[in-house]
Amino acid sequence: MGPTVIYIDVENPGQRIDNWLNRELKAVPRARIYRMLRRGEVRVNGGRVKPTYRLQAGDRVRVPPVRTGRRLPTPTRNEGLGRLLREAVLYEDDGLLILDKPAGLAVHGGSGVSFGLIEALRAARSERFLELGHRLDRETSGCLIVAKSRAALKQLHALQRTREVRKTYELLVAGRWPRQLNAVDLPLHRYLTPGGERRVRVAALGKPARTTFRRVRITASASWLRAWLHTGRTHQIRVHAAASGHPVLGDDKYGTAASAFPSETGGVRRLCLHAARLSFDWESSALSVEAPLPPLFAEAWARLSSH
């Protein structure tokens with residue numbers, strides 16, 4: 001059984017997380033709950049928190065599998081998640097829905113999670129057809145396209161095959177990214193860890209992959225980058241950044257000791273990768289959609305800039 005992710009609704013904000021867990025996990029000893037918090041088994045918005053942390057509306061609380069006295073709230077019926085998805089709509093017409101996907105929410109169920117964004121959308125909306133137009137990593141936030149008809153999905157797939165959907169990402173990485181490093185061309189190979197987790201590595205026999213990077217800002221210990229994908233491989237930006245010696249801050253899969261210090265200094269509690277913009281021709285006109293930069297980026301950058 002995988003972890004449960006709960007979105008905090010209006011009834012919970014302001015409550016200490018240790019008190020909330022003690023109430024929700026009635027059959028779990030208090031010592032076990034505090035040990036879970038201390039070890040980081042419980043995550044809020046992808047990061048560790050202290051027992052004194054006070055929950056905020058929209059927080060994503062990840063609870064590990066434990067024996068409890070009652071079931072935790074079903075995520076797809078959680079009012080906090082439903083409200084979050086309603087507020088996440090960036091663009092909508094008869095064929096497309098473009099959302100600002102929250103970090104920490106899988107786009108679909110599977111791989112240890114029982115639900116995802118698409119299942120939650122289907123439960124919350126009346127459309128008979130809702131399908132993902134593409135994918136984003138669970139910990140990546142930003143622009144995500146959902147097709148509302150089979151014709152729209154077919155048209156969208158055709159645009160992506162010819163690379164006519166332009167995607168722009170913002171990310172924070174460890175270290176001083178070289179100004180002259182404008183592109184990374186390294187083949188990528190997907191594999192499974194012994195525990196069954198999907199990972200990607202650079203390998204000579206992997207599939208071709210190219211990412212363009214532009215340095216936006218720089219501090220002594222970190223860089224703010226903008227990136228564009230020329231291929232759509234799994235975890236491509238994350239692996240290309242890490243292989244270049246500059247892992248994305250907050251990356252628990254491909255991070256290294258080099259990224260641990262700036263992540264801690266910046267107070268990073270999630271993967272610092274955001275799908276900021278989408279642009280493509282749609283219904284005889286140019287469509288451009290932008291997802292606001294998460295407050296975390298500016299807050300983390302301010303802390304990093306002061307050190």
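Quick one: how many lysine pairs does the chain have with C-alpha atoms less than 27 Å apart and a gap of 8 or more or different chains? Give me the count, please.
So the count works out to 13.
What list of ³J(HN,Hα) couplings, whole Hz, do you get for segment 206-222 from phi and the Karplus terms 6.51, -1.76, 1.60, once you set θ to phi - 60° and write x for glycine and proline?
For segment 206-222, the Karplus curve yields x, 7, x, 8, 9, 10, 9, 10, 9, 6, 9, 9, 8, 10, 5, 10, 8 Hz.
Sorting check: for 15-24, 235-244, which peptide has the highest mean count of neighbouring beta carbons within 10 Å, and how do the rest follow?
Per-residue Cβ counts within 10 Å, averaged per peptide and sorted highest first, yield 235-244, 15-24.
Assign one of three labels to segment 129-272, namely rounded, prolate or oblate, based on the Cα gyration tensor with a ≥ b ≥ c the square roots of its eigenvalues; rounded applies when a/c is under 1.5, prolate when it is not and a/b is larger than b/c, and oblate otherwise.
Prolate shape, in that a/c is at least 1.5 and a/b is the bigger ratio.
Which whole-Hz couplings ³J(HN,Hα) result when phi for each residue of segment 157-164 is put into the Karplus expression 6.51 cos²θ - 1.76 cosθ + 1.60, θ = phi - 60°, listed in order with x for Gly and Pro?
4, 5, 5, 6, 5, 9, 6, 9
Counting only heavy atoms of protein chains, what accessible area per residue, in Å², does the chain have with a probe of 1.4 Å?
Dividing the accessible area of the chain by its residue count gives 50 Å².
Carbon-plus-sulfur fraction of the accessible area of the chain, 1.4 Å probe, in percent?
So the carbon and sulfur contribution to the accessible surface is 48 percent.
Select one label from [x] 19.4; [y] 20.5; [z] 22.0: the one whose number is Kirkwood radius over Cα pairs in Å as derived from the coordinates shown.
Here Kirkwood radius over Cα pairs in Å agrees with entry [y].
The values are calculated or read from the model by the stated rules, or taken from the named source; none is laboratory data. Keep in mind that what you see is a predicted model, and the values were worked out from it rather than measured. Counting neighbours? That spans all protein chains shown, and the Cβs are built from the backbone with ideal geometry, glycine included. Side chains included, ligands, DNA and RNA excluded: accessible areas come from the protein's heavy atoms. Shrake-Rupley method; radii C 1.70, N 1.55, O 1.52, S 1.80 Å.
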